[in-house]
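One structure is given here, and the rest of the page talks about it.
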Amino acid sequence: MGENLEAAIRAAEQRRCAAMLANDNAALDAVLDPRLQFHHATGAVDGKEAYLAKMAAGRIRYIAIGWVEEQVIGLADNAALLTGRMTTDVRVDGVDKRLNNRVLTAWALTDGNWRMVAFQSTPLAT
């Protein structure tokens, strides 16, 4: 895996997190692949439209996002994984939560842009 791939995936993830924190659906739409499968820590799964609708309705509001132990794994010229631990402060349906999860994201290079295809989070034991 080249440094360019790692830098590109990290930059795409930073754009995704910034869009989530700003509640900017247009920016978030641009970094999410149409095939998105977003697996929440609760076990619920959303496609792209459902996830963006929840964000637009204010049902999900991100307050803070922190990554540690990030690792980019190149799968092919147009596919990569980003894994690590993520701590997220989020308000879901009016309830504040702090999530400490292991996270696996899948990225694809589509039309010259890296877009997230899948997100899977697993709660860490506390």
Among the listed residues Asp93, Asp111, Asp89, Asp77, identify the single one that is acidic (Asp, Glu) and under 17 Å from Val31 (Cα atoms).
Asp111
Condition met for Ala18 (modelled with pLDDT of 95 or more, farther than 17 Å from Ala106 by Cβ, within 11 Å of the chain's Cα centre (by Cα) and of a type in the set (Gly, Ala, Ser)):
yes
Within the range 42-73, the count of residues that are in contact with a helix residue (DSSP H, G or I) (Cβ under 6 Å, 6 or more places away or on another chain) and loosely packed, with under 14 Cβ neighbours inside 10 Å comes to 1
Restricting attention to strands (runs of 3 or more DSSP E) lying wholly within the range 46-126, give those where 2 or more residues are among the basic types (Lys, Arg) and on the phi < 0 side of the Ramachandran plot.
79-92, 95-110
Conditions: (1) of a type outside the set (Val, Ile, Thr); (2) farther than 22 Å from Thr87 by Cβ; (3) exposed (fewer than 14 other Cβ atoms within 10 Å of the Cβ). Ala8 meets all but one. Number of the miss?
(3)
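The values are calculated or read from the model by the stated rules, or taken from the named source; none is laboratory data. Here the structure is a predicted model, which is why all the values come from computation and not from measurement. For neighbour counting, all protein chains shown are included, and Cβ atoms are generated from backbone atoms with ideal geometry for every residue, glycine included.
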